[in-house]
Amino acid sequence: MIEFKNVSKTFTAKEGTVHAVKDVNLTIPDGKIYGIVGYSGAGKSTIIRMLNGLEFPTTGSVTINGSEISSLKGKELREQRLKIGMVFQHFNLLWSRTVLENIEFPLEIAKVAKEERRQKAQKLVALVGLEGRENAYPSELSGGQKQRVGIARALANDPEILLSDEATSALDPQTTDEVLDLLIDINKKLNLTVVVITHEMHVIRKICDHVAVLDAGKIVEQGPVLDVFKNP
Ligand code: ADP
Ligand code: ADP
């Protein structure tokens, strides 16, 4: 479970103090697909950075499964970061490496033995539906296929949370639907908590159980998607 308790984050900029996140309270239960939606500047990236311990709250606390992120340092923080698998808008693949090598990369960093890495990566290739493309380079893949590699790579270290940061924002509508279906599939098969950060309402409607709507750093609505988006 992820908990934000009375979290505020301010930055000191040339223009003065910027209130990026204001008194946010969020509870993200295990095993759900939870959406955080908001326009550009709403505070989404700041929330992600606080989840990863790249920024710490100015006030309030962020805890993941009971451990407070801002109390972690060094090795503990690095280990905590491995528990969050990140999927990015622009894939962030390594272009000189094949599909299989990209998926193996986080395992290489975690010093997993070569044979085990291969086996793990092969399983993930199957999970994301890329059989037959193992030896392709990212430049030979469609956008949707690249994102499948991104998702497989994010799962390599058996994370507790899959965090999708605008993962479909660079994809066409049909490819978007395919990638969202894959996220639903992974949520079910692995019983994995999926956090979906997006500016696209239709993404939230399609896959999320719960949603928090962020505007100018504040949560303005929160609840089951069907309640938040129900027509009056
Ligand atoms: P989003 O990801 O939803 O676009 P951000 O979290 O990036 O929103 O930004 C929220 C607000 O905080 C914006 O006004 C942004 O300019 C400001 N902000 C974010 N990071 C910094 C920073 N390091 N220094 C100053 N202002 C920042
Ligand atoms: P697409 O057009 O399929 O979205 P892009 O060329 O925009 O692909 O690149 C997607 C991402 O990969 C971007 O974040 C970009 O910075 C990164 N990227 C592009 N070329 C390389 C490269 N040669 N090595 C590493 N990263 C790259």
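For the stretch 171-188, filtering for residues that are part of a loop (DSSP other than H, G, I, E, B) and under 10 Å from residue 147 (Cα atoms) leaves 1.
Given the criteria farther than 29 Å from residue 122 by Cα and crowded, with 17+ Cβ neighbours inside 10 Å, does residue 60 qualify? Spell out how you get there, then give the answer.
Values: farther than 29 Å from residue 122 by Cα: yes; crowded, with 17+ Cβ neighbours inside 10 Å: yes.
When the stated conditions are applied, residue 60 passes them.
Can residue 121 be described as in contact with an Asp or Glu (Cβ under 9 Å, 6 or more places away or on another chain) and within 16 Å of ligand 1 (Cβ to nearest atom)?
Values: in contact with an Asp or Glu (Cβ under 9 Å, 6 or more places away or on another chain): yes; within 16 Å of ligand 1 (Cβ to nearest atom): no.
When the stated conditions are applied, residue 121 does not pass them.
Filtered by the rule that a residue be over 20 Å from residue 18 (Cβ atoms), touching a residue at least 40 places away in the same chain (Cβ under 8 Å) and not aliphatic (A, V, I, L, M), the stretch 53-65 gives 61, 63, 65.
Among the residues of the stretch 19-36, those identified as surrounded by fewer than 15 Cβ atoms within 10 Å (Cβ to Cβ) and either among the basic types (Lys, Arg) or assigned to a strand (DSSP E or B) (or both) are 25, 27.
Checking each residue in the stretch 87-104 for being under 23 Å from residue 169 (Cβ atoms), away from ligand 1 (no atom under 16 Å from the Cβ) and outside any loop (DSSP other than H, G, I, E, B) picks out 99, 102, 103. Scanning the stretch 37-49 for residues being out of contact with any Leu (no Cβ under 6 Å at 6 or more places or on another chain), within 19 Å of residue 211 (Cβ to Cβ) and either in a helix (DSSP H, G or I) or of a type outside the set (A, V, I, L, M) (or both) gives a total of 8.
Only the coordinates and a few stated rules stand behind these numbers; no lab work does. As the structure is a prediction and not an experimental result, all values here were calculated from the model. As a convention, Cβ positions derive from the backbone with ideal geometry for all residues, glycine included, and neighbour counts pool all protein chains shown.
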